[in-house]
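Worksheet: one structure, shown below.
No value in this document is a laboratory result; all are computed from the given coordinates. Because the structure is a prediction, the values reported are computed rather than measured. In this analysis, Cβ positions are derived from the backbone assuming ideal geometry, glycine residues included, and neighbour counts consider all displayed protein chains.
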Amino acid sequence: MSLRPVFLITGASSGFGEAIAHEALSRGHHVIATARNAARLSALRSAGATVFDLDVTSDDATLADIFAKAHAVHGRITHVVNCAGYLLEGAVEEASAKEVFDLFNTNVLETCNIARAAAPYLRESAGTPGQTAALATFGSLGSWWLGAAVAHYCSTKFAVSGLTEGLAEELRPFGVDVYCFEPGYTRTGFLKNGAADGGDHRIKTARRMDVYHETEAEKMRGAMDAYNGKQPGDVVKCAHVIVDVLTKEGVAKGREVQVRVVLGSDTIEAVRAKCNDTLKLVEEWEDISRSVMH
């Protein structure tokens, strides 16, 4: 008889993290929901989740302590879903070194931090008869496409998707499944225009340069404003598929799921365009590329 899954979810105060937590709870799974400020998790606590403060950029000792406490709640951690992250809006020239470091620290280096802290517990769960174990990270449409004013953010998603492919190879021998979910534009608070609009996931660079006025960077800023609240993706439907994949139920039952899981028609189109452009490049430059070999 299999034990009830225990989900540990970062970034659970909103968006994908919150939706996945509610979906897992609705199926009778245990959920340990985390955020920088656990006070923002009152709705999940009321729904039955255990909540913890967790800053994904914390040092190894702090993260190890939090994971040990989380493990003690139910005696296991079977699924770790790492949703924490944010968008830095601004041209590369406009962003300060600290703004860029903070973004990569939260979006990329924290992926390493959480994976490092989670691995021993997931190996333990995977080694228990009848128990599954999985680690989930989040790329995005931005893992396949980059644009002006969002180059920093998209490059972090490129990095997370690539890192996850490597993690999957490392943890596969222990029976731990690893997935990177790559959603397109989905209706969450992610594109809200800063704190004044009730959001804290879209951060603008402090520096704004007139030279980028009426360029592609300015157009992208306007496009995000216009798209805010009108994104075509449904976060609740995404959460349903994500939990299916992680538990090998529903739409994922009996299927072999690849490491990178694309969610949304817009991401599908971005993947197709990127693959077609890349193949075209290879074909056009094949003779030149081969000419550099001995």
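Quick notes
- Close amide-amide hydrogen proximity is noted between L87 and R202, I203, each under 5 Å apart and 5 or more residues distant or on a separate chain (H modeled in the peptide plane; Pro and chain starts excluded).
- Counted charge near A217, where neighbours are those whose Cβ lies closer than 14 Å (Asp, Glu -1; Lys, Arg +1): -3
- In sequence order, calculated HN-Hα J values of the stretch 61-67 (Karplus, 6.51, -1.76, 1.60; Hz; x Gly/Pro): 5, 5, 5, 4, 5, 5, 5
- Taking amide H as placed 1.01 Å from N in the peptide plane, V262 has its amide H under 5 Å from the amide H of E182, each at least 5 places away in sequence or on another chain.
- Computed on the stretch 6-264, with alpha-carbon pairs under 8 angstrom and 6+ residues apart, the relative contact order is 20 percent.
- Given charges at beta-carbon only (K, R positive; D, E negative), |dipole| of the stretch 219-262 in Debye: 160
- 5 angstrom amide H check on G189, placed H, neighbours 5+ away: G15
- Overall Cα dimensions of the stretch 1-138 - principal axes, largest extent first, Å: 57, 30, 22
- Over all other residues within a Cβ to Cβ distance under 12 Å of I114, the charged ones net out to -2, with Lys and Arg as +1 and Asp and Glu as -1.
- In the frame of its principal axes, the chain has Cα extents of 59, 55, 36 Å, reported largest first.
- Karplus-derived 3J(HN,Hα), 6.51/-1.76/1.60, for each residue of the stretch 7-22, Hz, glycine and proline x: 8, 10, 10, 8, x, 8, 7, 6, x, 4, x, 5, 5, 5, 4, 5
- Taking the inverse of the mean reciprocal distance over all distinct Cα pairs, the Kirkwood hydrodynamic radius of the stretch 158-294 comes to 18.6 Å.
- Residue-wise HN-Hα coupling along the stretch 256-267, computed from phi with Karplus coefficients 6.51, -1.76, 1.60 (Hz; x: Gly, Pro): 8, 9, 6, 4, 9, 10, 7, 10, x, 4, 5, 5
- Spatial separation of Cα centroids for the stretch 1-78 and the stretch 204-224, in angstrom: 37
- Evaluated over the chain, the count of Lys pairs having alpha-carbon atoms less than 19 Å apart is 11 (only pairs 8 or more residues apart or interchain).
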